[in-house]
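The values are calculated or read from the model by the stated rules, or taken from the named source; none is laboratory data. Just so we're clear, the structure is a prediction, and the values are computed from it rather than from any experiment. Counting neighbours? That spans all protein chains shown, and the Cβs are built from the backbone with ideal geometry, glycine included.
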Amino acid sequence: MKDRRTTLLVDLLELRRPLPAILGELSALPWDCDELLVTLGPEHVVTVLQRYLSGEISSADVEDWADAVELRDGISADPDDPAAQAIHELANPLITRPLSMHSASTLVASLTGLQPN
């Protein structure tokens, strides 16, 4: 089961497949996981935001993805890490800021150290 959970968590972080399919498979596993199996990195957030910026996915898709990642057992994320802070912002647009092309570009720039377009 550990290997299956790890694979699904990587699928989630990388949004390799449609989110409902990943979440459906994760829901078949117990919610609690006592060990950290994967680590959230800035590359995960950047990749999803680039997909949003290219029009491949919507702001609602990004919000749903971030909500699924935030506080998920088995995913290691330091709350002070910029990637974790970005996940919090993306998962909670009503208390932070709505996702827009500008905010996505700004987040990508802050996570990569590059200037926004």
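Remarks
- Pick from the stretch 77-104, criterion buried (at least 18 other Cβ atoms within 10 Å of the Cβ) and within 16 Å of Leu53 (Cα to Cα), ranking: farthest from the chain's Cα centre (by Cα): Ser103
- Check on Leu13, within 12 Å of Ile75 (Cα to Cα), part of a helix (DSSP H, G or I) and either of a type outside the set (Gly, Ala, Ser) or touching a His at 6+ places or on another chain (Cβ under 8 Å) (or both): yes
- Checking Gly74, Gly24, Gly55, Gly113 one by one, the residue that is exposed (fewer than 14 other Cβ atoms within 10 Å of the Cβ), of a type outside the set (Asp, Glu), under 27 Å from Lys2 (Cβ atoms) and more than 13 Å from the chain's Cα centre (by Cα) is Gly24 and no other.
- Scope the stretch 29-47; condition surrounded by fewer than 17 Cβ atoms within 10 Å (Cβ to Cβ) and modelled with pLDDT under 95; matching residues: Leu29, Pro30, Trp31, Asp32, Asp34, Glu35, Leu36
- Filter result for Glu63 (within 22 Å of Pro82 (Cα to Cα) and either among the acidic types (Asp, Glu) or in contact with a Pro (Cβ under 8 Å, 6 or more places away or on another chain) (or both)): yes
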